[in-house]
Amino acid sequence: MSRFLFVVPPLAGHVNPTIGVAAELVRGGHQVAWAGLPEVVGPLVGSGATVFRCSSPDLADPALLRPPSLRGPAALKFLWERFLGPLAEHMAPGVRAAVGEFLPDVLVADQQAVAGGLVAERLGLVWATSATTTAGFTSLSGLPKVDSWIAGLIGELRQRIGDPRSTADPRLSDRLVLAFSTEALAGPVPSAGEQVRFVGPSLAARPTADDFPWHRLDPRTPTVLITLGTANAEAAPRFLAACAEAVRGRPDRAQAVVVDPTGTVPEFADRVLVRPHVPQLALLERCDAVICHGGHNTVCEALWYGLPLIVAPIRDDQPAVAAQVTDAGAGVRVRFNRATSEVLGAALDTVLREPDCRAAAGRVRASFRAAGGATAAAVHLEALAARAK
Amino acid sequence: MNSSQAAPTAATPEAVFEEITGMLHAVLGEYGGVVNAGITMDTRFHDDLDLESIDLVTLGGHLQARYGELVNFAEYLAGLGLEEIIGLTVGQLVEHITGCLRAPGER
């Protein structure tokens with residue numbers, strides 16, 4: 001029996017993949033716990049789970065909201081300067097306390113919870129990386145100047161909460177990196193990354209209220225899910241409206257479910273359903289294509305069902321994830337700020353009708369289903385714990 | 001390296017602009033949503049074309065394929081600050097490339 005501590009940021013997309021892995025470890029007779037912000041992590045992992053409290057910058061602080069205009073390298077810099085850096089300092093005492101109390105054999109740190117890797121190196125603890133996106137393996141930004149700026153910020157954090165003598169990257173463990181994707185989507189990892197294990201998506205059933213009006217979907221019409229994920233509501237209205245218009249302009253050829261937490265997109269008869277939230281996995285099973293922002297989780301969930309994608313990346317890792325999709329041939333990319341209903345309509349015709357696109361998405365699906373998911377991740381963690389003892 | 005081979009005789013800003021425009025359409029992709037007339041010397045890569053840094057890397061590949069070692073786009077970008085990269089215009093790139101092509105003797 002070993003003990004595993006998952007160190008996670010207060011971001012649903014980064015917590016979700018750990019849930020299935022933890023469940024597999026528990027099934028194997030191991031003990032698991034999380035370190036994170038209980039108000040966010042607790043409801044996701046369930047009431048029976050142990051969550052050690054780590055504090056966080058105030059998530060409601062308007063200074064943390066990135067305006068839609070803030071994109072590209074500036075958005076990345078803002079993310080690290082205002083959120084991920086302060087988050088690491090907020091989390092570090094809680095992570096140290098959790099280690100002291102739970103005595104984990106292995107600490108599993110999310111890539112955006114750099115306090116995990118830094119505290120582990122300070123305490124001489126074995127740690128692995130949970131990579132909920134594969135976009136950062138080579139370069140986060142594609143620009144050396146930005147990458148070295150981020151590395152500098154991490155270096156300063158290390159002086160305060162890590163081991164000042166270490167040179168390791170707290171975003172990439174040199175022992176084990178669990179990548180919730182496959183090379184069929186992410187492309188080959190540079191040879192230096194031998195510790196990277198592609199386990200495919202770790203999809204666990206998420207608690208969702210089943211209030212979805214399934215009867216309103218016409219089983220004979222191709223269905224498109226249109227969603228910008230959980231973190232991009234403020235930038236959404238124009239793009240979602242253009243998507244809805246593209247669907248309206250294609251009678252009998254498409255119906256859409258639009259996820260719109262802002263409630264600004266109008267419904268259109270029964271062909272454009274607008275919901276503040278949806279049971280995404282259950283819905284994807286009924287869909288034929290997905291329009292999204294290129295969030296790693298949404299993309300992988302769509303491809304889990306072999307659905308071709310239209311990706312409109314907004315910022316952060318999304319452009320890189322979008323490039324993975326187009327390189328794999330599993331979809332097309334549109335420009336988030338520029339895509340008109342005409343452009344989106346043409347893109348819809350491509351993903352709904354091109355057999356090549358669907359076949360490519362099917363190949364990624366097959367690779368995902370063969371990769372082992374949460375079960376494979378648990379096996380790698382068990383092996384790491386065994387080596388650590 | 002044979003510099004005369006990579007340096008086109010018509011390295012005028014107009015000719016370079018035409019070539020860059022073509023490359024930008026390739027980078028933007030089939031659904032880029034940008035018409036030819038939409039790209040001018042004042043067009044900004046980030047704000048006007050929605051180009052991401054990953055697209056700049058792709059553009060660098062096109063530039064290298066066209067101009068060879070005369071133009072090192074990655075090095076050019078590395079010399080720019082974050083704000084300068086964000087504000088980069090087509091005209092600035094054209095000017096940089098025209099300059100590189102004009103002075104092969106310095107290499």
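The values are calculated or read from the model by the stated rules, or taken from the named source; none is laboratory data. No experiment lies behind these values; they were computed from the predicted model shown. Because the Cβ atoms are built from the backbone with ideal geometry, glycine has one as well, and the counts that use them run over all protein chains shown.
If we scan segment A:82-91, do we find a residue that is in the same structural domain as residue A:170 (by TED's automatic domain parsing), touching a Gly at 6+ places or on another chain (Cβ under 8 Å) and over 17 Å from residue A:131 (Cα atoms)? Within segment A:82-91 (the criterion being in the same structural domain as residue A:170 (by TED's automatic domain parsing), touching a Gly at 6+ places or on another chain (Cβ under 8 Å) and over 17 Å from residue A:131 (Cα atoms)), the answer is yes, since at least one residue qualifies. Counting only helices (runs of 4 or more DSSP H) that fall entirely inside segment A:260-348 and contain at least 1 residues that are of a type in the set (S, T, N, Q), closer than 22 Å to residue B:31 by Cα and more than 8 Å from chain B (Cβ to nearest Cβ), the qualifying elements are A:296-304, A:318-328.
For segment A:162-181, a residue qualifies if it is at pLDDT 95 or above, more than 16 Å from residue A:377 (Cα to Cα) and crowded, with 21+ Cβ neighbours inside 10 Å, and exactly one does: A:162.
The residues on offer are A:5, A:65, and the sole one that is away from every other protein chain (no Cβ under 14 Å) and surrounded by 16 or more Cβ atoms within 10 Å (Cβ to Cβ) is A:5. Can you tell me which residue is nearest to residue B:86 (Cα to Cα) among those in segment B:27-48 that are exposed (fewer than 13 other Cβ atoms within 10 Å of the Cβ) and at pLDDT 90 or above? The extreme case among them is B:42. Does any residue of segment A:117-137 turn out to be out of contact with any Asp or Glu (no Cβ under 9 Å at 6 or more places or on another chain), more than 16 Å from residue A:381 (Cα to Cα) and small (Gly, Ala, Ser)? There is no residue in segment A:117-137 that is out of contact with any Asp or Glu (no Cβ under 9 Å at 6 or more places or on another chain), more than 16 Å from residue A:381 (Cα to Cα) and small (Gly, Ala, Ser). Test residue A:21 against the stated conditions and say whether it is within 19 Å of residue A:383 (Cα to Cα) and free of Cβ contacts under 8 Å to residues at least 24 places away in the same chain. The answer is no for residue A:21. When each of A:345, A:331, A:362 is tested for being within 21 Å of the chain's Cα centre (by Cα), surrounded by fewer than 22 Cβ atoms within 10 Å (Cβ to Cβ), outside the structural domain of residue A:134 (by TED's automatic domain parsing) and in contact (Cβ under 8 Å) with a residue 24 or more places away in the chain, the lone residue that passes is A:362.
Specify which of the listed residues (A:279, A:308, A:313) is closer than 21 Å to residue A:11 by Cβ, buried (at least 24 other Cβ atoms within 10 Å of the Cβ) and not assigned by TED's automatic domain parsing to the domain that holds residue A:66. Break it down into steps so the answer makes sense when it comes.
Working: A:279 fails: buried (at least 24 other Cβ atoms within 10 Å of the Cβ); A:308 fails: closer than 21 Å to residue A:11 by Cβ.
Result of the check over A:279, A:308, A:313: A:313.
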